[in-house]
1. Pick from Ile137, Ile59, Ile37: which residue has the top mean-square fluctuation in a GNM of the chain where Cα pairs under 10 Å get a spring?
2. Any idea how far the Cα center of region 97-147 sits from the one of region 1-27, in Å?
3. May I ask which residue of Phe121, Ala66, Ile53 lies farthest towards the positive end of the charge dipole of the chain, with charges of +1 (Lys, Arg) and -1 (Asp, Glu) on Cβ and the Cα centre as origin?
4. Given all pairs of different Cα atoms, what value in angstroms does the Kirkwood hydrodynamic radius of region 87-147 take?
5. Counting only pairs 8 or more places apart or on different chains, how many lysine pairs in the chain have C-alpha atoms closer than 19 Å?
6. Could you tell me, in Å, what Rg and Dmax come out for the Cα atoms of the chain?
7. Cα axis of helix 56-75 to longest principal axis of the chain: angle in degrees, 0 to 90, nearest 10?
8. What size of dipole, in debye to the nearest 20, comes out for the chain about its Cα centre when the only charges are +1 on Lys and Arg C-beta atoms and -1 on Asp and Glu C-beta atoms?
Amino acid sequence: MRIDEIKKLLPHRYPFLLVDRVVELELGKRIVAYKNITANEEVFNGHFPGESIFPGVMIIEAMAQAAGLLGFATVNKQPEDNALYLFAGVDGVRFKRPVVPGDRLMLEAAIDSTKRNIWRFKCRSTVDGQLTCEATILCALQGFVKE
């Protein structure tokens, strides 16, 4: 899945769209995607000058966006259908190594369970095969009315 297809499923846009490409997608099961971390990311202006480290909260958000892509694709919905995946919670977060400019942050999410409109995803991110972060992410599929 290329960026134009990703933008059809996620409402996020620059500078907050954190998935560049989907490389594997098994509907109802799992997704593998990536975010290329470049020195031009706006966040590096303040995190940290002289020692650029991609923030942990941004890694979690990138994993949540990958999970949202899996959820939207699985139920065959997109924001245009008045549907939105909202970040509902995160559990068991562990950071294992820093992510820096030049890294390709691989994002993996697998559906752990669904109950009503609450989806639970087991997520992890890696760089060069090394674990950078793992977490369980909860997303709520919501309908909304455009004004």
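The values are calculated or read from the model by the stated rules, or taken from the named source; none is laboratory data. Note that the structure is a prediction, hence the values are computed from the model and not measured. Cβ atoms come from the backbone with ideal geometry, glycine included; neighbour counts cover every protein chain shown. The area values use the complete protein model at the heavy-atom level, side chains included, leaving out ligands, DNA and RNA. Shrake-Rupley method; radii C 1.70, N 1.55, O 1.52, S 1.80 Å.
1. Ile37
2. Computed from Cα coordinates, the inter-centre distance equals 13 Å.
3. Phe121
4. In region 87-147 this quantity evaluates to 13.0 Å.
5. 14
6. Cα radius of gyration and Dmax of the chain are 14.8, 46 Å respectively.
7. 30 degrees
8. Numbers: 19 positive and 18 negative charges, 86 e Å.
Computed about the Cα centre, the dipole is about 420 debye.
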